[in-house]
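The values are calculated or read from the model by the stated rules, or taken from the named source; none is laboratory data. Keep in mind that this is a model prediction, so the values were computed, not measured. Here the Cβ positions follow ideal geometry from the backbone for every residue, glycine too, while neighbour counts run over all protein chains shown. For the accessible areas, the whole protein counts, side chains as well, though only heavy atoms, and no ligand, DNA or RNA atoms are used. Shrake-Rupley method; radii C 1.70, N 1.55, O 1.52, S 1.80 Å.
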Amino acid sequence: MMISTCQPYFAPFPGFFYKAFHSDILVILDDVQFPRGTTWMSRNRFKNDQGTLWLTIPVWKKGLGLQPINRVRICHEGRWAKKNLESLKTAYKNAPFFEDHLELAEQIFTVKYEPLIDVNMKIIRYLMKALNIETKIVLQSDLNCSTKGPHLMIEICNKLKADHLLFQRSAQSHIDGEIFKKYGIQIKFLKIPSPVYPQLWGDFIPSLSLFDLIFNCGSKSREILFGR
């Protein structure tokens with residue numbers, strides 16, 4: 001069995017789903033530490049007439065110390081949600097398939113989700129369904145893991161009875177394959193493609209949120225990303 005792991009990013013880029021597609025189980029690391037600085041878990045890149053459009057969800061961090069990802073709460077103060085939705089609508093109103101996904105976009109920025117992971121997982125599940133990815137999703141917190149570092153991955157593999165663990169090729173220099181080999185776990189590295197597809201607003205920008213691909217290409221997104 002092949003598994004992969006990833007943190008619950010906000011509106012992830014296509015590579016997140018490419019790795020999920022090549023896995024039997026995708027384990028969402030929701031019980032590891034939320035980063036202190038900027039993070040893909042609370043913001044991502046879209047595109048508008050100015051080029052890159054950053055959309056950010058503010059979260060409560062001050063005075064809370066180190067928090068596990070699944071306990072981080074969204075800060076609903078201010079007008080950021082309305083501004084984000086307006087920016088998204090302005091940027092993609094002419095995208096061929098934006099209207100097909102407008103209901104979800106409105107939910108993201110009008111429903112007052114409390115834990116950040118709730119909105120991120122809603123988006124991840126929605127986009128996996130849009131791409132017809134049948135990979136099973138498991139939350140790390142549901143596995144009751146007690147270890148950290150590379151041994152966390154080993155414990156996850158053991159609990160799921162997995163003998164193959166998938167990483168992005170860009171992580172190859174950081175992975176000590178011998179540690180996993182001792183536990184009978186084979187490591188595989190996957191090259192993440194950067195598909196080029198029709199975009200609005202001038203020159204192509206790679207690795208935006210998958211929403212950019214979905215809004216522009218609709219049902220063809222799966223073939224563009226996976227070749228089938």
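Can ILE205 be described as closer than 21 Å to CYS6 by Cβ and open to solvent by less than 60 Å² (accessible area, probe 1.4 Å)? No: the conditions fail for ILE205. Here SER23 clears all of (1) part of a loop (DSSP other than H, G, I, E, B); (2) within 14 Å of the chain's Cα centre (by Cα); (3) crowded, with 20+ Cβ neighbours inside 10 Å; (4) of a type outside the set (A, V, I, L, M) except the condition numbered (2). Among the numbered conditions (1) of a type in the set (S, T, N, Q); (2) in a helix (DSSP H, G or I); (3) more than 30 Å from SER87 (Cβ to Cβ), the only one that SER221 does not meet is (3).
Out of (1) open to solvent by less than 60 Å² (accessible area, probe 1.4 Å); (2) under 28 Å from LYS161 (Cα atoms); (3) not in a strand (DSSP E or B), what's the single condition that is false for PRO35? That leaves (2) as the condition not met. Please work out if PHE16 is assigned to a loop (DSSP other than H, G, I, E, B) and within 19 Å of the chain's Cα centre (by Cα). So PHE16 does not fit the description; no. For region 153-178, the set of residues classified as open to solvent by less than 40 Å² (accessible area, probe 1.4 Å) and either among the β-branched types (Val, Ile, Thr) or part of a loop (DSSP other than H, G, I, E, B) (or both) consists of ILE154, ILE156, ALA162, listed by residue number.
Just wondering, is there one or more residues in region 40-49 that are exposed (fewer than 15 other Cβ atoms within 10 Å of the Cβ) and assigned to a loop (DSSP other than H, G, I, E, B)? Checking region 40-49: at least one residue is exposed (fewer than 15 other Cβ atoms within 10 Å of the Cβ) and assigned to a loop (DSSP other than H, G, I, E, B).
Screening PHE189 against (1) touching a Phe, Trp or Tyr at 6+ places or on another chain (Cβ under 9 Å); (2) open to solvent by 50 Å² or more (accessible area, probe 1.4 Å); (3) more than 30 Å from PRO96 (Cβ to Cβ); (4) part of a helix (DSSP H, G or I) leaves a single unmet condition, (4). Looking only at residues in region 133-152 that are part of a loop (DSSP other than H, G, I, E, B) and either open to solvent by 90 Å² or more (accessible area, probe 1.4 Å) or among the charged types (D, E, K, R) (or both), the one that is farthest from SER209 (Cα to Cα) is SER146.
The numbered conditions (1) within 19 Å of the chain's Cα centre (by Cα); (2) surrounded by fewer than 16 Cβ atoms within 10 Å (Cβ to Cβ) are all true for MET128 except (2).
Can you name the number of the only condition in (1) touching a Leu at 6+ places or on another chain (Cβ under 7 Å); (2) of a type in the set (Phe, Trp, Tyr); (3) closer than 30 Å to ASP163 by Cβ that PHE21 fails? Status for PHE21: all satisfied but (1).
Taken together, the residues in region 59-96 that are in a loop (DSSP other than H, G, I, E, B), under 19 Å from LYS122 (Cβ atoms) and open to solvent by 30 Å² or more (accessible area, probe 1.4 Å) amount to 1.
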